[in-house]
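Undergrad: Sharing a structure, written as structure tokens. Questions coming.
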Amino acid sequence: MIGERNGQHLTIFSKDSIQNNSMLKSYQVANFTTLKTIKALPNLAYFNGKKILIIDSLVIYSLNKKPNVIILTKSPKLNLERLF
């Protein structure tokens, strides 16, 4: 789960259900935010001009993207030496 806060509005990017997520509810209360949108988590995202590659247990990625940051989620089984 990745969140993007814009003022008091919060957008969540997730591949899992976030129903009854206590961590998210605690964040919203502590930071006075409201959940505005829930979107699917993409495999490739951009933040501050940097490419972020998100690899999950399905291990779907493209070698020609040349990401600046790699995030591994859900214990993917892949050869890191070949990835780099």
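The values are calculated or read from the model by the stated rules, or taken from the named source; none is laboratory data. Treat the numbers as computed from the prediction; the structure is a model and nothing was measured. Note that we place each Cβ from the backbone using ideal geometry, even for glycine, and neighbour counts take in every protein chain shown. Quick note on the areas: whole protein, heavy atoms, side chains included, nothing else; ligands and nucleic acids left out. Shrake-Rupley method; radii C 1.70, N 1.55, O 1.52, S 1.80 Å.
Undergrad: Hey, can you tell me all the residues within region 47-84 that are closer than 16 Å to Met1 by Cα, charged (D, E, K, R) and open to solvent by 40 Å² or more (accessible area, probe 1.4 Å)?
TA: Of everything in region 47-84, just one residue is closer than 16 Å to Met1 by Cα, charged (D, E, K, R) and open to solvent by 40 Å² or more (accessible area, probe 1.4 Å), namely Lys74.
Undergrad: Of the residues that sit in region 19-46 and are touching a residue at least 12 places away in the same chain (Cβ under 8 Å) and open to solvent by 70 Å² or more (accessible area, probe 1.4 Å), which one is farthest from Thr73 (Cα to Cα)? Please lay out each step first, then the result.
TA: Filtering region 19-46 down to residues touching a residue at least 12 places away in the same chain (Cβ under 8 Å) leaves 21, 24, 27-28, 31-45.
Keeping just the survivors that are open to solvent by 70 Å² or more (accessible area, probe 1.4 Å) gives 27, 32, 34, 36, 38-40.
Working: Tyr27: 21, Phe32: 28, Thr34: 26, Lys36: 24, Ile38: 18, Lys39: 17, Ala40: 14 Å.
Going through the qualifying residues, I end up with Phe32.
Undergrad: Let me ask you something else. Please find, within region 1-18, the residue that is surrounded by the fewest Cβ atoms within 10 Å (Cβ to Cβ) out of those that are of a type in the set (Val, Ile, Thr) and closer than 23 Å to Pro67 by Cβ.
TA: The initial filter retains those residues of region 1-18 that are of a type in the set (Val, Ile, Thr), namely 2, 11-12, 18.
With closer than 23 Å to Pro67 by Cβ added as a condition, the list becomes 2, 11-12.
On the way: Ile2: 16, Thr11: 14, Ile12: 17.
Checking each candidate, the answer is Thr11.
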